[in-house]
Amino acid sequence: MEEKTNYSKRSQKDYTLSFKLQVVSEVENGTLSLSQAKVKYGIQGDSTVRKWLQKYGNFDWEHKSPFHMPKTPEQKILELEAKLKLLEKQNAFLSAQNSRAD
């Protein structure tokens with residue numbers, strides 16, 4: 001007998017940044033495990049949540065250490081510039097979407 005689910009197939013582009021950050025937050029603070037997050041939110045890919053943790057989480061996967069080490073002012077500036085660039089891209093995308101809807 002085939003098991004039915006309410007989930008439709010989704011791609012990475014279907015998930016909003018705020019959704020990804022929420023999932024990452026829940027996994028990092030111990031509320032959910034990777035597999036629990038996948039089931040709770042209907043995420044189909046086995047490595048999707050892991051990729052979000054690597055991209056948005058508070059762990060330095062390259063050096064295997066938490067990001068809680070003090071950052072130099074130059075590092076902080078570079079990080080903020082990268083965040084600003086991402087937000088500008090998101091803003092441009094959303095503005096384009098809104099103008100199409102009008």
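Take the residue pairs LYS51/LYS85; LYS38/LYS85; LYS51/LYS83; LYS40/LYS89; LYS38/LYS76; LYS20/LYS40 and return only those whose Cα atoms are more than 24 Å apart. Please report the intermediate quantities before stating the final value.
On the way: LYS51/LYS85 20 Å; LYS38/LYS85 29 Å; LYS51/LYS83 18 Å; LYS40/LYS89 29 Å; LYS38/LYS76 32 Å; LYS20/LYS40 13 Å.
In this structure, LYS38/LYS85; LYS40/LYS89; LYS38/LYS76 lie more than 24 Å apart at Cα.
Roughly how many percent of the accessible protein surface of region 13-66 is carbon and sulfur, given a 1.4 Å probe and a whole-percent answer? Numbers along the way, then the final one.
On the way: 1770 of 3440 Å².
The nonpolar share, carbon plus sulfur, comes to 52 percent.
For GLU28 and LYS76, what does the FRET efficiency come to when R0 = 22 Å and r is the distance between their Cβ atoms, rounded to the nearest 0.05? Present the calculation step by step, with values, prior to reporting the outcome.
Values: r = 21 Å, r/R0 = 0.94.
About 0.60, to the nearest 0.05.
The values are calculated or read from the model by the stated rules, or taken from the named source; none is laboratory data. Model, not experiment: these values are computed from the prediction. For neighbour counting, all protein chains shown are included, and Cβ atoms are generated from backbone atoms with ideal geometry for every residue, glycine included. All accessible areas refer to the heavy atoms of the entire protein, side chains included, with ligands and DNA or RNA removed. Shrake-Rupley method; radii C 1.70, N 1.55, O 1.52, S 1.80 Å.
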